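J.: Please find one structure pasted underneath; my questions will follow.
What follows draws every value from the coordinates through simple rules; no lab data is involved. Computed from a predicted structure; not experimentally measured. Note that we place each Cβ from the backbone using ideal geometry, even for glycine, and neighbour counts take in every protein chain shown.
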């Protein structure tokens, strides 16, 4: 993939992250806790994909995204291990929100999801901006 193609794909993934974040915020305001938690995960997921594309890596599965993100950014020391854990936590909670009908989420759960998703996205945004992949974003 050429650098320009990567730049376009990174921007597209970042836009999807922004859209998921905005949807999560709307759902949080409406007290739709499950939906908000799910969308905060997708905000993280698309930010992670943007980061991976910057390294010319495009996993095909959610598991692949977690594995490659950890290998490329966490194990290498580029990002703090706590950031890598946030990706896994957000996915685990998203699966619970989407598939465990009897589970009740509190407002604090949603705020924690929001805080973690925000921290993850900010770490990736700083990395991509510093490397000039997200100029103008």
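J.: Would you give the gap between the C-alpha center of the range 31-46 and the C-alpha center of the range 7-25, rounded to a whole Å?
T.: 13 Å
J.: Now, a different point. Hey, can you rank 111-121, 36-46, 65-75 by average C-beta count inside 10 Å, highest first?
T.: 36-46, 111-121, 65-75
J.: Let me ask something else about it. Relative contact order, percent, of the range 60-137 when contacts are C-alpha pairs under 8 Å separated by at least 6 residues?
T.: So the answer I get is 24 percent.
J.: Next up: Under a plain spin-label model, where a point goes 7 Å from the Cα along Cα-to-Cβ, how far apart in nm are residue 107 and residue 18?
T.: 3.0 nm
J.: Okay, next question. Give the distance, in whole Å, between the Cα centre of the range 53-102 and the Cα centre of the range 115-134.
T.: So the separation of the two Cα centres works out to 14 Å.
J.: Using alpha-carbon pairs under 8 Å, 6+ residues apart, how would you state the relative contact order of the range 1-58 in percent?
T.: It rounds to 46 percent for the range 1-58.
J.: Follow-up question, since we're still on this one. Take each of the peptides 99-105, 87-93, average the number of other beta-carbon atoms within 10 Å over its residues, and list them starting from the highest.
T.: Top to bottom by mean Cβ count within 10 Å: 87-93, 99-105.
J.: Still on this structure: If you average the sequence gap of Cα pairs under 8 Å that are 6 or more apart and divide by the length of the chain, what percent do you get for the contact order?
T.: Reported relative contact order: 30 percent.
J.: From the square roots a ≥ b ≥ c of the eigenvalues of the alpha-carbon gyration tensor of the range 71-115, which class results: rounded (a/c under 1.5), prolate (a/b over b/c), or oblate?
T.: Verdict is oblate for the range 71-115.
J.: Right, another one. Could you give the angle, 0 to 90 degrees to the nearest 10, between helix 33-54's Cα long axis and the longest principal axis of the Cα atoms of the chain?
T.: Roughly 10 degrees between the two axes.
J.: Given the -39500 (n - 2.57) contribution per DSSP H run of 4+ residues, what per-residue ellipticity at 222 nm results for the chain, rounded to the nearest 500 deg cm²/dmol?
T.: That calculation yields -25000 deg cm²/dmol at 222 nm.
J.: In addition: Cα gyration tensor of the range 1-67, axes a ≥ b ≥ c as square roots of the eigenvalues: rounded (a/c below 1.5), prolate (a/b > b/c) or oblate?
T.: Oblate is the answer for the range 1-67, as a/c is 1.5 or above yet b/c matches or exceeds a/b.
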